[in-house]
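The structure appears right after this line, and notes come after that.
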Amino acid sequence: MVLEEKKWGLSFCRDVEIPSRRVLITGATGLLGRAVFKEFNGNNWNAVGCGYRRAQPRFEQINLLDSIAVHDIVHDFQPHVIVHCAAERRPDVVESHPDSASQLNVAASGNLAKEAASIGAFLIYISTDYVFDGTSPPYKETDAPNPLNLYGKTKLEGEKAVLENNEDAAVLRIPILYGEVERLEESAVTVMFDKVQFSNKSANMDHWQQRFPTYVKDVAAVCRQLAEKRMLDPSVKGTFHWSGNEQMTKYEMACAIADAFNLPSSHLRPITDCPVVGALRPRNAQLDCSKLEMLGIGQRTPFRAGIKESLWPFLIDKRWRQTVFH
């Protein structure tokens, strides 16, 4: 395929050969979406990303609640694969803005699935471990969901909307994510770095909820592998789980972050009580990933390696950065 014009915000010289496999990524400005775009773009796919507030100039600006705009980009670009990363993923925000969260997490997802089906594109809908109540882990794809909070409920409703509108789609459930953030608040893992670094002030850290921090680069690789498997085998569809395999509370993550950067951790205080503020969280929603592993799909980066790669630009003590990275 030869691209002879500027289209979808990407400039190419005339007669430059570009990959024939096309992928559209929603939420491409977000933490996961950026990694998914980079993974496909670096592995011989013609990737187009779309976002909303932060989209331009790198990505297409698309309001996913605008069904005409969604129809136009899907039918004009004709992707073979769509990875739907866009969502309201902050549980406390979903609780306080339920209608707008439902519009994005459910209605927009169902509409995108319908558009994907109309052109035969393979849709991967990104979902969450929060569809489970966390009382009997690990969870297989066939286990009954029972979300405790509105975020989990909207994502579960989104799964149903996707599969009702597109029986050939895939749902990929994943847990808490971290990666190369643009600001520390972008991930519930990286946001702890300031508390770790300011060791002159004690910090309470949750030591109740069991989490499985997962590197966005690994999830992105799984999305690409799943897409490429599907292009060879049409039976690849339905619900899948992917997760890191290191079980940690936020207190344990914070200690691991401190250890990775040779920082003190004695000021971090483990709180073992169930949190009483904000949306309810499952105690342990560990995902069983054996279904994807049986397909030969997967990638896992050790937490200390991934977190060091993600956080070193935010390190306050520049001397450490110079000795380790130069």
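No value in this document is a laboratory result; all are computed from the given coordinates. The structure displayed is predicted, hence computed values, not measured ones. So basically every Cβ, Gly included, is an ideal-geometry build from the backbone, and we count neighbours across all protein chains shown.
Computed quantities for the displayed model
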read-out: Within the chain, percent of DSSP bridges classed antiparallel, to nearest 5; value: 10 percent
read-out: Leu177 long-range amide H proximity, modeled H, under 5 Å; value: Ala188, Thr214
read-out: Amide H within-cut-off set for Met205, under 5 Å, with H built and near neighbours excluded; value: Arg269, Ile271
read-out: Cα centroid of the range 105-128 to Cα centroid of the range 293-318, whole Å; value: 29 Å
read-out: Cα-Cα over 19 Å, subset of Lys229/Lys291; Lys250/Lys308; Lys140/Lys217; Lys195/Lys250; value: Lys140/Lys217
read-out: Low-density loop cleavage sites - trypsin sites (Lys or Arg not before Pro) in the range 52-100, where at most 12 other Cβ are within 10 Å (DSSP); value: Arg53, Arg54
read-out: Debye equation applied to the C-alpha atoms of the chain, log10 I(q)/I(0) at 0.08 Å⁻¹; value: -0.38
read-out: Relative contact order of the range 14-161, defined on C-alpha pairs under 8 angstrom at six or more residues apart (%); value: 21 percent
read-out: Chain lengthening between Asn146 and Arg269 when straightened (0.36 nm per residue, less Cα-Cα); value: 41.2 nm
read-out: Debye, to nearest 20: dipole size of the chain, +1 on Lys, Arg Cβ, -1 on Asp, Glu Cβ; value: 860 debye
read-out: Hz values of 3J(HN,Hα) by residue in the range 184-194 - Karplus curve (6.51, -1.76, 1.60), Gly and Pro given as x; value: 4, 5, 6, 9, 5, 8, 5, 4, 6, 4, 4
read-out: Length-normalised contact order for the chain - Cα pairs under 8 Å, 6+ apart - percent; value: 17 percent
read-out: Cut-off 14 Å between beta-carbons: net charge of the residues surrounding Lys38, Lys and Arg +1, Asp and Glu -1; value: -1
read-out: Proximal charge balance of Asn146 [Cβ under 15 Å; K/R count +1, D/E count -1]; value: +1
read-out: Amide proton proximity set for Gly298, modelled H, under 5 Å, gap of 5+; value: none
read-out: Label-point separation in nm, Asp288 to Asn204, each point 7 Å along Cα→Cβ; value: 3.7 nm
read-out: Nitroxide proxy distance, nm - points 7 Å out along Cα→Cβ at Asn63 and Met231; value: 3.4 nm
read-out: Distance from the range 186-244 to the range 66-101 (C-alpha centre basis), Å; value: 20 Å
